[in-house]
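The values are calculated or read from the model by the stated rules, or taken from the named source; none is laboratory data. The model shown is predicted, which means the values in this text are computed figures rather than measured ones. Note that we place each Cβ from the backbone using ideal geometry, even for glycine, and neighbour counts take in every protein chain shown.
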Amino acid sequence: MARPQPSQNTEREACPCGGLSFEDCCARYLERGDIAPTAEALMRSRYTAFVRQNAPYLLDTWAAHTRPATLDFNDAPQWLGLQVKAHLQRDDTHAEVEFVARFKVGGRAHRLHERSRFERDGDGRWRYIDGDLFD
Ligand SMILES: [Zn+2]
């Protein structure tokens, strides 16, 4: 028997945030350096970055005054999906995004229901500040 070949999957990989294809969705922010035009687009790209464990992107899109010094994924849950519930544009530089993210830890499924706050800095980029949890 020949060794199994890596699968030649010609179908495009779905985007973790719910987009049809990663290439056409969050890759433009995570890999091509585009600026997310809205807080919702940024929030989706950050969810995707959590799924893909892209710490540099997450730190780069975190407000300087709330950003952790480092980020590791040692206890990272298994993310199952994202649902954006609301996008509230407060003014030109402040917005909130309410979402539910589903994840699994130790075989049990959970939901994270959060309203996140974002601000747009002088460089035109939206960044995550913090969030309130619902329960
Ligand atoms: Zn996406």
Checklist entry - When residues of region 96-132 are filtered for being in contact (Cβ under 8 Å) with a residue 60 or more places away in the chain and of a type in the set (Phe, Trp, Tyr), how many remain? => result 3
Checklist entry - Of the residues in region 102-129, how many are assigned to a strand (DSSP E or B) and either basic (Lys, Arg) or closer than 14 Å to GLU40 by Cα (or both)? => result 15
Item to check | Pair list, Cβ under 7 Å, 6 or more apart: region 9-22 residue at pLDDT 90 or above, other residue within 7 Å of the ligand (Cβ to nearest atom) and β-branched (Val, Ile, Thr) | outcome: CYS15/THR48; PRO16/THR48; CYS17/THR48
Checklist outcome for this item: Within region 93-115, residues being touching a helix residue (DSSP H, G or I) at 6+ places or on another chain (Cβ under 7 Å) and closer than 18 Å to ALA76 by Cβ number 2
Checklist outcome for this item: In the set THR48, THR61, the lone residue that is under 14 Å from TYR128 (Cβ atoms), within 15 Å of the ligand (Cβ to nearest atom) and touching a Cys at 6+ places or on another chain (Cβ under 6 Å) is THR48
Item to check | region 22-45 - residue that is hydrophobic (A, V, I, L, M, F, W, C) and part of a helix (DSSP H, G or I) and, of those, farthest from GLY131 (Cα to Cα) | outcome: ALA27
Checklist entry - So which pairs qualify, if the first residue must be in region 79-95 and more than 16 Å from ALA36 (Cβ to Cβ) and in contact (Cβ under 8 Å) with a residue 12 or more places away in the chain, the second must be part of a strand (DSSP E or B) and among the β-branched types (Val, Ile, Thr), the Cβ gap must be under 8 Å, and the two must be at least 6 apart or on different chains? => result GLN83/VAL100; LYS85/VAL100; ALA86/VAL97
Checklist outcome for this item: Counting only residues in region 35-64 that are in contact (Cβ under 8 Å) with a residue 60 or more places away in the chain and not small (Gly, Ala, Ser), the one surrounded by the most Cβ atoms within 10 Å (Cβ to Cβ) is identified as MET43
Checklist outcome for this item: Note: among LEU82, LEU30, LEU58, just one is in contact with a helix residue (DSSP H, G or I) (Cβ under 6 Å, 6 or more places away or on another chain) and farther than 20 Å from GLY124 by Cβ, namely LEU82
Checklist entry - Quick one: in region 23-34, which of the residues that are more than 12 Å from the chain's Cα centre (by Cα) and within 11 Å of the ligand (Cβ to nearest atom) is surrounded by the most Cβ atoms within 10 Å (Cβ to Cβ)? => result ARG28
Checklist entry - Right, ASP72: in a loop (DSSP other than H, G, I, E, B), within 11 Å of the ligand (Cβ to nearest atom) and out of contact with any Cys (no Cβ under 6 Å at 6 or more places or on another chain) or not? => result no
